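Take a look at the structure set out below.
The values are calculated or read from the model by the stated rules, or taken from the named source; none is laboratory data. None of the values given here were measured: they were computed from a predicted structure. A quick note on method: Cβ atoms are made from the backbone with ideal geometry, for glycine too, and the neighbour counts reach across all protein chains shown.
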Amino acid sequence: MFQREAHVYVGIDIHKRSNVAVMVDCFGEALGKAVKFDNTPAAYPEWLKRVKHRAGGKGIIFGLEDCHGLGASWLSSCWSGGRL
């Protein structure tokens with residue numbers, strides 16, 4: 001059975017040059033401040049490393065607000081690099 005408390009949820013607002021992400025718990029409470037990071041494959045590994053650290057061992061569920069396919073780069077880079 002899915003346990004909401006065992007996960008954190010990361011919403012990413014994808015933009016052409018940069019992205020904004022926020023992590024929340026299962027009750028919708030923000031876990032820290034929103035973070036802005038470059039929308040380039042070179043920026044994703046370090047950002048994802050920070051997300052995993054902040055998650056503290058909990059599962060991570062991502063939600064993308066994608067516009068014009070700009071999130072495809074993020075998803076393919078993280079997925080193919082074995083980071084997700």
Hits in the range 49-67 - residues which are in a loop (DSSP other than H, G, I, E, B) and either surrounded by 15 or more Cβ atoms within 10 Å (Cβ to Cβ) or in contact with a strand residue (DSSP E or B) (Cβ under 9 Å, 6 or more places away or on another chain) (or both):
G56, K58, D66, C67
List the pairs whose first member sits in the range 42-68 and is of a type in the set (S, T, Y), whose second member is part of a helix (DSSP H, G or I), and whose Cβ atoms are under 9 Å apart, counting only residues at least 6 apart or on separate chains?
Y44/S73; Y44/W74; Y44/S77; Y44/C78
In the list F27, F37, which residue meets the criterion of being of a type in the set (F, W, Y), part of a strand (DSSP E or B) and out of contact with any Leu (no Cβ under 9 Å at 6 or more places or on another chain)?
F37
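For (1) touching a strand residue (DSSP E or B) at 6+ places or on another chain (Cβ under 9 Å); (2) at pLDDT below 95; (3) among the hydroxyl-bearing types (S, T, Y); (4) at positive phi, each residue gets a yes or a no:
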| site | (1), (2), (3), (4) |
| --- | --- |
| R4 | no, yes, no, no |
| I14 | yes, yes, no, no |
| V24 | yes, no, no, no |
| W47 | yes, yes, no, no |
Matching option when the condition is under 19 Å from R4 (Cα atoms) and of a type in the set (D, E, K, R), among K58, K36:
K58
